[in-house]
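Please treat every number below as a calculation from the coordinates, not as lab data. These figures come from a predicted structure and were not determined experimentally. Neighbour counts are summed over all protein chains in view; Cβ atoms, including those assigned to glycine, are modelled from backbone coordinates with ideal geometry.
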Amino acid sequence: MKGDTYFTTAPWCAIFVAWVAQQAGLRAKVGTDAYTPTWAAWYASKGRWHTTPKVGAIVFFDWGGSKSRVNIDHAAIVEKVNGDGSIETIEGNSSGRVQRVHRSSSIVGYGYWA
């Protein structure tokens with residue numbers, strides 16, 4: 001079993017997204033999983049996995065660029081879709097904090113909850 005300090009240093013991007021969903025009363029629709037590949041697979045199993053951005057969707061990234069769900073390393077919430085196809089996100093564990101980020105690459109796909 002991992003010690004208590006593991007949880008204070010573990011990656012927390014998906015935990016942040018799940019917390020936001022819980023606060024909004026949407027946990028059952030958004031789903032929750034601290035392991036991003038499993039969470040993306042959950043969306044796919046429900047027929048809610050897409051490659052087109054949509055405001056409010058959960059976006060999943062693979063920093064290695066593989067475009068494979070099994071290699072996803074990060075999750076965030078799409079706040080805005082720009083005309084050029086890039087997105088603005090709200091992210092937890094982005095440089096160790098919660099922040100808005102402009103993204104245009106490393107996107108594997110999107111989980112639609114609505």
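Using θ = phi - 60° and the Karplus form 6.51 cos²θ - 1.76 cosθ + 1.60, what ³J(HN,Hα) does each residue of region 83-90 get, whole Hz, x for Gly and Pro?
Whole-Hz 3J(HN,Hα) from phi for region 83-90: x, 8, x, 6, 10, 10, 10, 10.
What percentages, rounded to whole numbers, describe P(r) for region 57-108 computed over all alpha carbon pairs with 10 Å bin width beginning at zero?
28, 55, 17
Between T38 and L26, what is the label-point separation in nm under the 7 Å Cα-to-beta-carbon projection?
Rounded to a tenth, the inter-label distance reads 2.3 nm.
For the chain, how many pairs of lysine residues have a Cα-Cα distance under 19 Å, where the two are 8 or more positions apart or belong to different chains? Don't jump to the answer; show the numbers that get you there.
Numbers: K29/K46; K29/K54; K46/K54; K54/K67; K54/K80.
Lysine pairs satisfying the spacing and distance rule in the chain number 5.
Distances over 19 Å make up what percent of all Cα-Cα pairs in region 6-111? Walk me through the numbers on the way to the answer.
Details: 2036 of 5565 pairs.
In whole percent, the share of Cα-Cα pairs in region 6-111 beyond 19 Å is 37.
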